[in-house]
Structures are given as C-alpha cells and as structure tokens.
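Written below as structure tokens is the structure these notes are about.
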Amino acid sequence: MAHELTIRANGKVEMAYAGEGCWHGLGQQLEHGASIEEWQTAAGMDWKINRSRVRFGAEDNPQIFDDKHVLFRSDTKAPLGIVSPNFKIVNPKDVLEFFRDLTESAGMVLETAGTIFGGKRFWALANIGESAVIGSADVVGGYLLLSTGADGTIATTAKFTSVRVVCNNTLSMALNGKNNKDIAITHRTAFNPASMKDRLGLAHGEFSVFINAMRDLSKKTVTAKDAESLTLALVAPEEKDDKGTAKTIASKPFQNILALFNGAGKGATLAGSEGTAWGWVNAITEHVDHHARAQTADARMNSAFFGKGDDMKTRAVEIAMAM
C-alpha cells in the first residue's frame, strides 16, 4: 500500500506522535514533553534542504540554468522541487524549532510532526493547552499547526485548529473566511518565527471565540431535511437542475454525510450534537477526516489538513453560522 507519508529505505516513517497513534498507526511514538531534538530525530526531520543550479545534458557540455534551482535533501540527495534563486528555504528543523519556546514556557505540547511526499512538505501540530465542553460532554481541544514545503507549491502557514476528542476530527478555527486566521508567509520572504508568533496573537483568546461560536451552533436545531439542504449547499452550490440534484443526493459521499449526522457518526447522539448545526458540522468533518474517498489514508490526511478537505470543513462552518 502506497503512503504519502515519507518512508525511508530502511522502513522508517518520517512521522512521530505523542499519545495515541494517528491516522493509520505509522510513525514513532514519543512521550509527552519530549525535547525538540527528540522530535526531530523521531519524526525523521533531521535533514536539511540544499540547493543547486539546474543542469543537464552531456558531462562535457552541460546546460546550466542560473535562474532555476533544484532543492534536494541533504541525506538522500532526492530532489524536492524546482524553484527560483529567490526562494527562501524553511528547513524541517525550523518548523520544530518554532515550537521550542511555546512548549517550554507557553504551555503547548507537541502532538505530531512529520513529512509527506518524500519530504516535499512537512508540519508540526501542538496542543495549545486549552479545551472546552460543548453541550454536556463533547470535549474540543485547541491546536496550533505549522506547515511548509520545499516544492514551491505552498507557503509557510500557521493556523489554529480544533480537535474533537470523541472522534479526532480536525476543524480550522477560521470563522470569517478561510484565510482570516491563517498566517501565511510566501517563500519570497525569509521565515521570521518571532514575527509570525506576533501576528498569531494569543491562542487562548482565539480558542475562546471559536468555542463560543460552536456553542451557538449546538443550540441551532437542524432536522434531517435541513441537513440534506445544508449538505447540498456545501457540495453542489451551483446545482439547479432537478436531475442533477437528485444524482448528487443519491451519491455515496452525500449519503454518508447524512448517515453520520443522523446517528452513525461518533458522538452524533451527544447532547448539543444530535439534531443541531454543530452535529451537522461534525458530520462533515468526520466524513472529510475519516471517510472521504482517497487513494491512501495519507492522501486523506493531506486533504483534511492542507487541501480541499480543509476548505470543505471551513465552508461548512460558514454555512452553519449563516443559518
């Protein structure tokens, strides 16, 4: 089975986690409170990104391009991406170092870190030390995610996310548009950890705003028919044709979302979740994080954290809040 998670020639997976195993049980387990150096080794983030001008052709007459650089791993020499000479490198170690003072003095706890696509992208996720209850027993924790890459396709991005304990669903805390609470630094600018932390502000205040909004959703009644309409607005907002609408509703992903909302989802029958807008949002997040069609579990994880799945979850919150 193929994995987006980077797997070395010796079989080591470039991912580490503290606590319970995530996604598919791969990676190295660490104790909570492990040092940044231990995380760097366990997560396989103990290599650097090197660069060289692109060259090819015969050895006695190579073609060299000064305006194109290839980035490659310092350990395996595997290529990561073709970029411009102005591309500012952020190394895997830099992502973990970002959390050093946050874990040592600000009460955060690293939960997982690793690389995907052979090292082209990498991330670290830390618990911010805040949790709250929605309804009577629905516990949600706050997290900070930092991710970047070396293939020229993504910026260095920090954002607050939430994790619903009962099902390990993740949800961005962006409440007023996807990019409102995301801090992104393009690779045309040198990565400045102190500046990014200043722009993030206090995680505790951010978490409180998010929790209050989700508690409001837990008080909004959503019927099974409402859930169908909301889901249709989410997955096919431009669909006007009755035949097309019927086909969308009959599709397996659509029916899976409705089933999760109507009781099949983890925590779906908890007070504050059953028959509410919060319950519908959680049906969407569980579908994206655990059920959405993907070639591998890693591909689903990548989508849920960084791609279309993350976008879908954010839109679901916006739709629910606009009710």
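Rule-based calculations on the coordinates, nothing more; no lab input. Since we're looking at a predicted model, the values are computed, not measured. Note that each Cβ is placed from the backbone with ideal geometry, even for glycine, and that neighbours are counted across all protein chains shown.
Observations
- As a rough guide to protection, the peptides 187-195, 149-157 ranked by mean Cβ packing within 10 Å, highest first, stand as 149-157, 187-195.
- Take the Cα of I64, go 7 Å toward its beta carbon, and the backbone nitrogen atoms of region 72-110 under 20 Å from that spot belong to 72, 82-87.
- Put a dot 7 Å past the Cα of Q255, heading toward its Cβ, do the same for S84, and the two dots end up 5.0 nm apart.
- Think of the chain as having a plus end and a minus end, set by charges on the Cβ of Lys, Arg, Asp and Glu; of L110, L232, I36, L232 sits farthest toward the positive end of this dipole.
- The Rg/Rh ratio for the chain, using Cα coordinates for both the radius of gyration and the Kirkwood hydrodynamic radius, is 1.01.
- Förster radius 35 Å - calculated FRET efficiency between E239 and V165, Cβ distance, rounded to 0.05: 0.50
- Note on the chain: with charges restricted to the Cβ of Lys and Arg (+1) and Asp and Glu (-1), its dipole about the Cα centre is near 580 debye.
- Computed [θ] at 222 nm, helices only, for the chain once each DSSP H run of length n ≥ 4 contributes -39500 (n - 2.57): -9500 deg cm²/dmol
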